[in-house]
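The values are calculated or read from the model by the stated rules, or taken from the named source; none is laboratory data. Quick caveat, the model's predicted, so the values are computed rather than measured. Virtual Cβ from ideal backbone geometry, glycine too; neighbours counted across all protein chains shown.
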Amino acid sequence: MNDDAQLSITQLDDALQHKAVEDFAKFYVPLFDANNLEVMSNFDVAAYMTDINEHLTYGRYMTKAQRLSDTVSFSFTAYLNLIDRLDQKYYTSGNPAQPWDEWLATQFAQIANS
């Protein structure tokens, strides 16, 4: 993680929070579809994931773009709280310190080494 990235997602302005949530949802939805969210369960996020996942289940028959827009709109607050509890900092630009796929690989490596 880069030391220049010091902000939590909740410290970003509204527009950057929306961008960050949308970018995270693009990462999250394929993991949900592949039933591959176990790494996140190592954090205290079960309530937020339950809310997001329940709504994603209802949208399974939407197009990819519709589903992404719908989940971000409907579950924005749950995504915001989920991201806030993951070990991820942000730049003032709204970009995460570590791309989410790298974050996931780092989490898997930490579990493997523990």
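One residue is enough: does segment 87-104 have a residue meeting the conditions acidic (D, E), within 15 Å of E22 (Cα to Cα) and surrounded by 13 or more Cβ atoms within 10 Å (Cβ to Cβ)? No, segment 87-104 has no match at all. When segment 86-114 is filtered for residues that are in a helix (DSSP H, G or I) and within 13 Å of F24 (Cα to Cα), the ones remaining, listed by number, are W100, D101, E102, W103, L104. Only a single item in (1) out of contact with any Lys or Arg (no Cβ under 9 Å at 6 or more places or on another chain); (2) at pLDDT 95 or above; (3) surrounded by 14 or more Cβ atoms within 10 Å (Cβ to Cβ) is not met by Q107, and it is number (2). Restricting the first member to segment 77-93 and to residues that are in contact (Cβ under 8 Å) with a residue 60 or more places away in the chain, and the second to residues that are crowded, with 18+ Cβ neighbours inside 10 Å and not hydrophobic (A, V, I, L, M, F, W, C), the beta-carbon pairs closer than 6 Å and six or more apart or on different chains are Q88/P96; Y90/P96.
Of all residues in segment 26-41, at least one satisfies being under 11 Å from the mean Cα position of the chain (by Cα) and at pLDDT below 95.
For segment 1-54, a tally of residues being charged (D, E, K, R) and either in a helix (DSSP H, G or I) or touching a Phe, Trp or Tyr at 6+ places or on another chain (Cβ under 6 Å) (or both) returns 9.
The set of residues in segment 54-80 being buried (at least 16 other Cβ atoms within 10 Å of the Cβ) and among the polar types (S, T, N, Q) consists of T71, S75. Residues of segment 100-110 that are touching an Asp or Glu at 6+ places or on another chain (Cβ under 9 Å) and either under 23 Å from Q11 (Cα atoms) or touching a residue at least 12 places away in the same chain (Cβ under 8 Å) (or both): W100, W103, Q107.
Looking across V45, V21, V72, one residue alone is β-branched (V, I, T), without any contact (Cβ under 8 Å) to a residue 60 or more places away in the chain and closer than 15 Å to S8 by Cβ. It is V45.
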